[in-house]
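*Asks:* What follows is a structure written as structure tokens; I'll ask about it next.
The values are calculated or read from the model by the stated rules, or taken from the named source; none is laboratory data. The model shown is predicted, which means the values in this text are computed figures rather than measured ones. Cβ placement follows ideal geometry from the backbone for every residue including glycine, while neighbour counts extend to all protein chains displayed. Each accessible area value is taken on the protein alone, full model and side chains, heavy atoms only, with ligands, DNA and RNA left out. Shrake-Rupley method; radii C 1.70, N 1.55, O 1.52, S 1.80 Å.
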Amino acid sequence: NVYGLSPRRVAELLGERGIYVWDGNYYALEPMRALGLGDEGAVRAGFLHYTTEDEVDRLLEALDGLPR
């Protein structure tokens, strides 16, 4: 998650940059609450064996460029 932004807003801003992530509680209400994430949950990016270093760098750069 990004301090000061809701998970939904982070997902929207990344989507505007062509980076697609998920936001929400993923049906794990109690773990999200236990982690202090409330009902809004978290942002999740998926990485698999075919994710390239360039794609990871692009995500990190986009996250770094989000408003705070």
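*Asks:* Got a sec? Which of 12, 55, 30 is assigned to a helix (DSSP H, G or I), touching a Phe, Trp or Tyr at 6+ places or on another chain (Cβ under 9 Å), open to solvent by 40 Å² or more (accessible area, probe 1.4 Å) and of a type in the set (Asp, Glu)?
*Replies:* Exactly one of 12, 55, 30 is assigned to a helix (DSSP H, G or I), touching a Phe, Trp or Tyr at 6+ places or on another chain (Cβ under 9 Å), open to solvent by 40 Å² or more (accessible area, probe 1.4 Å) and of a type in the set (Asp, Glu), namely 55.
*Asks:* Within segment 33-52, work out how many residues are touching an Asp or Glu at 6+ places or on another chain (Cβ under 9 Å) and open to solvent by less than 50 Å² (accessible area, probe 1.4 Å).
*Replies:* Going through segment 33-52 one residue at a time, the tally reaches 3.
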